[in-house]
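Following: one structure in structure tokens, then a few remarks.
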Amino acid sequence: LEALPDAWAALGRLEVLDASRNRLHRWPENVFQPLSVDFLAQSLRRLDLAQNDLFEVPAGVARLSKLAHLSLRDNRLNTVDAAVFSRPMVLDLSSNPDLVELPPAVASFEGQLIVQNNAQLTTP
């Protein structure tokens with residue numbers, strides 16, 4: 001699977017989405033459209049995108065207000081938007097060898113940050 005189908009973002013009762021172990025290389029464009037965010041923000045609690053080919057974590061993730069667990073381990077992340085650190089959650093960024101720096105916002109992050117096996121990573 002290289003992209004999530006457009007229709008998934010309109011699933012108003014979706015609480016858990018496990019799209020791990022695929023070949024996703026970009027976030028679905030429709031995920032952060034206003035209508036989609038309304039549906040997902042009210043329900044999505046766990047998002048597992050581990051073992052894909054994602055390069056970034058967009059700011060729109062912070063709009064998912066019910067999200068309690070976000071797994072992005074084993075991707076190709078090189079950037080994480082500061083807005084992602086604006087609300088508490090379990091955030092797993094482990095095993096992203098291209099991730100070398102986190103934004104200063106990580107210093108005030110109130111969630112659980114997991115960053116194992118990121119040899120190049122420096123934190124502010």
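Read-outs: derived from the displayed coordinates by stated rules, not from any lab. The structure displayed is predicted, hence computed values, not measured ones. Cβ: placed from backbone, ideal geometry, glycine included. Neighbour counts: every protein chain shown.
Give, as a single signed number, the net charge of other residues whose beta carbon lies under 11 Å from the beta carbon of residue 121, with Lys and Arg counted +1 and Asp and Glu -1. Local net charge: -2.
Modelled this way, with points 7 Å down the Cα-to-C-beta line, the labels at residue 113 and residue 13 are 3.7 nm from one another.
Farthest towards the positive end of the charge dipole of the chain, among the residues 93, 119, 39, is the Cα of 39, using unit charges on the Cβ of Lys, Arg, Asp and Glu. Springs join every pair of Cα atoms under 10 Å in this Gaussian network model of the chain, and among 52, 22, 75 the largest mean-square fluctuation is at 22. The alpha carbon convex hull volume per residue for the chain rounds to 81 Å³.
Need one number for region 65-115: average projected area of the convex hull over its C-alpha atoms, nm². Walk me through the numbers on the way to the answer.
On the way: hull surface 12.5 nm².
Reported value for the Cα convex hull: 3.1 nm².
Dividing the summed -39500 (n - 2.57) terms of all DSSP H runs of n ≥ 4 by the residue count of the chain sets its mean residue ellipticity at 222 nm at -1500 deg cm²/dmol. Here the simple spin-label model places points 7 Å from the Cα toward Cβ, and for residue 22 and residue 101 these points are separated by 3.2 nm. Of 11, 77, 67, the residue with the greatest mean-square motion in the GNM of the chain, using alpha carbon springs below 10 Å, is 11.
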